[in-house]
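Written out below as structure tokens is the structure these notes cover.
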Amino acid sequence: ATGAVTLDPGFKNTGACKSEITFLDGEKGILRYRGYTIEDLAEKSSFLEVSYLLIFGELPAAAVLEKFENDIKKYTLVNEEMKNIIDGFPKTAHPMGVLASLTSALTAFNPQPVDVNDEEELYDTVCKTMAKFLVIATWTYRKKMGYPLNYYDNTKGHVENFLRLMFELPTGPYKIDPVIVNALDKLFILHADHEQNCSASTVRIVGSSHAGLFASISAGVSALWGPLHGGANQAVLEMLEEIQANGGDADKYLAKAKDKEDPFRLMGFGHRVYKNFDPRAKIIKKAADDVLEALGVNDPILNIAKKLEEAALKDEYFKSRNLYPNVDFYSGIIYRAMGIPTEMFTVLFAIGRLPGWIAQWKEMRLNKEPIGRPRQIYTGSPLRDFVPVDKR
Ligand code: SDX
């Protein structure tokens with residue numbers, strides 16, 4: 001095409017596609033999955049029910065949800081040879097890097113590309129992805145800890161399995177705390193989709209070349225890893241721990257975040273779309289209070305986070321740029337109270353975001369979206385003749 005090109009770095013003003021999945025209103029702080037408010041879903045639904053809603057478009061009747069949960073269980077055994085792949089990683093490897101590799105490796109054991117027009121085959125592939133991803137995500141932690149890799153227990157629920165896969169040791173029973181199961185279920189719902197965020201757009205553009213679902217999800221994991229995106233939840237805790245180590249001086253970090261010479265940004269603050277507040281942050285902040293109280297955890301980091309939020313919300317620099325706490329600001333505090341290590345925070349974000357990535361990949365393929373191939377504005381060298389090496 002020779003038409004004029006409109007430059008739009010970061011696609012701040014570009015609508016990449018039409019979508020029926022998630023609705024955001026950044027001014028009003030509205031987030032809805034398939035028309036249902038995030039407040040209702042976080043309060044009344046479950047992670048697998050919301051996963052079904054996002055992927056298939058409707059809240060499932062009880063029998064349909066039960067079938068979905070059972071169909072996921074058909075695929076919860078991961079090929080034992082996948083263990084050879086994870087054994088190749090050093091313990092120091094970041095779990096997100098291991099997860100991206102293992103997700104892509106799933107293609108090796110499921111090479112058959114899915115026929116998106118075969119409804120049953122697509123449904124089975126969705127169930128397989130939901131099952132295998134949860135298991136391999138927990139394997140990244142087990143590998144780091146030098147623990148044996150656990151198996152999904154088909155007699156237990158999906159979120160309870162996450163906890164067992166993560167923490168159950170052969171040396172003794174693992175006690176499931178319903179407070180933690182409920183809080184995790186809510187957190188996974190809050191992370192499940194967010195329209196054309198960086199990682200969902202990545203899944204769509206990789207899938208638009210008709211690369212497979214596992215390969216597209218693997219690319220989404222890599223995009224989410226970045227500290228400006230899902231990696232922020234880990235970066236928030238590291239920032240809060242640093243503030244705590246420096247005597248809790250939040251103002252110093254606010255000043256750093258405002259200093260244009262310093263690349264430091266206040267992690268967990270700001271958002272491309274939400275210019276008032278992130279509705280998920282409000283729900284997670286309340287959940288943090290509830291979970292820490294229920295677990296009897298009094299974490300000074302939570303108080304530092306609240307002090308930092310208070311100071312930032314009063315600060316002219318932040319106010320004038322509409323910078324508010326986002327989904328990543330408080331989530332890590334809950335994960336930490338549950339005993340989840342900081343390096344695993346973004347893996348939990350990926351587990352929550354998986355149904356959103358699947359839903360968007362499915363929509364992109366069923367809508368027969370064209371391959372993603374933007375143009376550019378060339379600012380390089382004008383035409384010039386080749387210079388032989390002895391003349392350079
Ligand atoms: C997620 O897109 C999604 O929906 C993402 C997500 C999802 O569910 O998928 O919501 C999940 O990724 C949440 C965001 C997590 N990231 C962080 O918390 C990292 C810190 N936040 C920033 O990096 C930033 O706010 C972004 C990346 C989130 C948004 O960046 P934008 O929209 O590109 O905004 P910008 O970089 O153009 O910033 C606008 C101004 C700039 O100042 P000026 O150049 O105008 O003077 O605000 C400043 C920025 O310097 N700014 C910040 C800041 N965020 C923006 N200054 C200090 N601290 C910050 N956190």
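The values are calculated or read from the model by the stated rules, or taken from the named source; none is laboratory data. These numbers come from a predicted model, not from an experiment. Quick reminder, even Gly has a Cβ in these numbers, built from the backbone with ideal geometry, and neighbours come from all protein chains shown. Calculation scope for accessible area: heavy atoms of the full protein, side chains included, ligands and nucleic acids excluded. Shrake-Rupley method; radii C 1.70, N 1.55, O 1.52, S 1.80 Å.
Is there a residue in segment 200-211 that is near the ligand (Cβ under 8 Å from one of its atoms) and under 14 Å from the mean Cα position of the chain (by Cα)? Looking for residues that are near the ligand (Cβ under 8 Å from one of its atoms) and under 14 Å from the mean Cα position of the chain (by Cα), one finds at least one in segment 200-211, hence yes.
Of all residue pairs spaced 6 or more apart or on separate chains, those with beta-carbon atoms under 6 Å, a first member in segment 264-281 that is in contact (Cβ under 8 Å) with a residue 60 or more places away in the chain and more than 8 Å from the ligand (Cβ to nearest atom) and a second member that is open to solvent by 10 Å² or more (accessible area, probe 1.4 Å) and of a type in the set (Ser, Thr, Tyr) are Phe277/Tyr324. Taking the numbered list (1) buried (at least 21 other Cβ atoms within 10 Å of the Cβ); (2) under 30 Å from Gly15 (Cβ atoms); (3) more than 11 Å from the ligand (Cβ to nearest atom) in turn, Leu240 passes all entries but (2). The set of residues in segment 60-79 that are touching a residue at least 24 places away in the same chain (Cβ under 8 Å) and buried (at least 16 other Cβ atoms within 10 Å of the Cβ) comprises Phe68, Glu69, Asp71, Ile72, Lys73, Tyr75, Thr76, Val78.
Could you check how many residues of segment 310-327 are in contact with a strand residue (DSSP E or B) (Cβ under 9 Å, 6 or more places away or on another chain) and within 12 Å of the ligand (Cβ to nearest atom)? Number of matching residues: 6.
Tally up the residues in segment 214-235 that are of a type in the set (A, V, I, L, M) and open to solvent by 10 Å² or more (accessible area, probe 1.4 Å), please. Give the steps one after another, and end with the answer.
Going through segment 214-235, the residues of a type in the set (A, V, I, L, M) turn out to be 215, 217, 219, 221, 223-224, 228, 232, 235.
Filter once more, so that each one left must be open to solvent by 10 Å² or more (accessible area, probe 1.4 Å): 215, 219, 223, 228, 235.
Number satisfying all stated conditions: 5.
Would you tally the residues in segment 189-203 being open to solvent by 20 Å² or more (accessible area, probe 1.4 Å) and either more than 30 Å from Ala281 (Cβ to Cβ) or in a helix (DSSP H, G or I) (or both)? Within segment 189-203, residues that are open to solvent by 20 Å² or more (accessible area, probe 1.4 Å) and either more than 30 Å from Ala281 (Cβ to Cβ) or in a helix (DSSP H, G or I) (or both) number 3.
Every test in (1) of a type in the set (Val, Ile, Thr); (2) open to solvent by less than 30 Å² (accessible area, probe 1.4 Å); (3) within 16 Å of the ligand (Cβ to nearest atom) is passed by Val159 save one, and that test is (3). Looking only at segment 180-191, decide whether some residue is of a type in the set (Lys, Arg), in contact (Cβ under 8 Å) with a residue 24 or more places away in the chain, away from the ligand (no atom under 12 Å from the Cβ) and over 24 Å from Val78 (Cβ atoms). The answer is yes; a qualifying residue exists. Kindly indicate whether Leu254 is within 14 Å of the ligand (Cβ to nearest atom) and within 20 Å of the chain's Cα centre (by Cα). It is false that Leu254 is within 14 Å of the ligand (Cβ to nearest atom) and within 20 Å of the chain's Cα centre (by Cα). Condition test on Gly146, is it over 15 Å from Leu48 (Cα atoms) and small (Gly, Ala, Ser)? In short, yes. I need the full set of residues from segment 46-102 which are under 18 Å from the mean Cα position of the chain (by Cα) and closer than 16 Å to Ile136 by Cβ, in order please. Matches in segment 46-102: His94, Pro95, Met96, Gly97, Val98, Leu99, Ala100, Ser101, Leu102.
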